[in-house]
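Colleague: Supplied in structure tokens, the structure appears directly below.
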Amino acid sequence: EAQVTQNPRYLITVTGKKLTVTCSQNMNHEYMSWYRQDPGLGLRQIYYSMNVEVTDKGDVPEGYKVSRKEKRNFPLILESPSPNQTSLYFCASRTSGEKSGTEAFFGQGTRLTVV
Amino acid sequence: SQKIEQNSEALNIQEGKTATLTCNYTNYSPAYLQWYRQDPGRGPVFLLLIRENEKEKRKERLKVTFDTTLKQSLFHITASQPADSATYLCALSTGGFKTIFGAGTRLFVKA
């Protein structure tokens, strides 16, 4: 089954404790992206990756890091989480289709609470 | 500044009627626009994509229109059913790798 898998689904952590949210896709997609979703603000793009070892900032990259060492994996790293990073996070992947556009497949989400 | 607006108020309609959701944008020249469905606690699911040179797209009971002059897309669900109740998101891309999402409109279909 084609899917994007995020782990963990739920995470409560303390301020300043480094954490990683993993994302893996089995569709051989070139493009992967991370979003956060907050009430009233919709999905905001954090980082995206066009292919292995190629990443770029989205609209809200501050406080986050990513890496793309393998095509299937795109982990999101919070080096020093703060309470304003409490949010619902989604990973997405799609084929490149830069100009023509292609549908994105989303993971099931990770609800992060930073206290 | 660039902005995408969807009606933040929930839309309540009766089963069997047509639901129409609106997506307006400013300061964009999108190459394409997408609509997604999102259920509570779940990730968005792709529904339809329409490109800048297309006026209308259909898929079963769904229809999307795209008016680049009005800077507006309309999303229609005909013969709506309670199972159509969800939040619907529109998303724009200018052709690069960035995608901008609206905040979504919540649809309730009453039996």
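The values are calculated or read from the model by the stated rules, or taken from the named source; none is laboratory data. Note that the structure is predicted; figures quoted are calculated from it, not measured. No Cβ is skipped: glycine too gets one built from the backbone with ideal geometry, and neighbour counts run over all protein chains shown.
Colleague: Check A:R36, A:R44 and return the single one that is touching a Leu at 6+ places or on another chain (Cβ under 9 Å), surrounded by 13 or more Cβ atoms within 10 Å (Cβ to Cβ) and among the charged types (D, E, K, R).
Modeller: Answer to the check: A:R36.
Colleague: Which one is surrounded by the most Cβ atoms within 10 Å (Cβ to Cβ) among residues in the range B:8-51 that are of a type in the set (A, V, I, L, M, F, W, C) and more than 10 Å from chain A (Cβ to nearest Cβ)?
Modeller: B:C23
Colleague: Please go through the range B:98-107 and pick out each residue that is more than 17 Å from B:R42 (Cβ to Cβ) and part of a loop (DSSP other than H, G, I, E, B).
Modeller: Those that are more than 17 Å from B:R42 (Cβ to Cβ) and part of a loop (DSSP other than H, G, I, E, B): B:K98, B:T99, B:G102.
Colleague: Which one of these is surrounded by fewer than 16 Cβ atoms within 10 Å (Cβ to Cβ) and either within 23 Å of B:A103 (Cβ to Cβ) or away from chain B (no Cβ under 14 Å) (or both): A:V54, A:V115?
Modeller: Selected residue: A:V115, the only one of A:V54, A:V115 that is surrounded by fewer than 16 Cβ atoms within 10 Å (Cβ to Cβ) and either within 23 Å of B:A103 (Cβ to Cβ) or away from chain B (no Cβ under 14 Å) (or both).
Colleague: Based on what the data block shows, is B:E5 modelled with pLDDT under 95, of a type in the set (D, E), surrounded by fewer than 12 Cβ atoms within 10 Å (Cβ to Cβ) and farther than 17 Å from A:F90 by Cβ?
Modeller: no
Colleague: Out of the residues in the range A:93-108 meeting the condition of being crowded, with 20+ Cβ neighbours inside 10 Å and at pLDDT 95 or above, tell me which one is nearest to the other protein chains (Cβ to nearest Cβ).
Modeller: It comes out as A:F106.
Colleague: Considering (1) closer than 18 Å to B:G102 by Cβ; (2) within 12 Å of chain A (Cβ to nearest Cβ); (3) free of Cβ contacts under 8 Å to residues at least 60 places away in the same chain, say which one B:E54 fails and leave the rest.
Modeller: (1)
Colleague: Further question on the same structure: Is it the case that the range B:82-97 has a residue that's in a loop (DSSP other than H, G, I, E, B) and away from every other protein chain (no Cβ under 11 Å)?
Modeller: yes
Colleague: If the Cβ limit is 8 Å and pairs must be 6+ apart or interchain, which residue in the range A:34-56 that is over 19 Å from B:W35 (Cβ atoms) and at pLDDT below 95 pairs with which residue that is in a loop (DSSP other than H, G, I, E, B) and of a type in the set (A, V, I, L, M)?
Modeller: Correct list of pairs: A:G40/B:A103.
Colleague: Same structure, new question: I'm checking my understanding of the structure. Among residues of the range B:68-81 that are in a loop (DSSP other than H, G, I, E, B) and modelled with pLDDT of 95 or more, which one is nearest to B:A31 (Cα to Cα)?
Modeller: So the residue we want is B:T78.
Colleague: Tally up the residues in the range A:26-60 that are in a strand (DSSP E or B) and within 18 Å of A:I77 (Cβ to Cβ), please.
Modeller: Number satisfying all stated conditions: 15.
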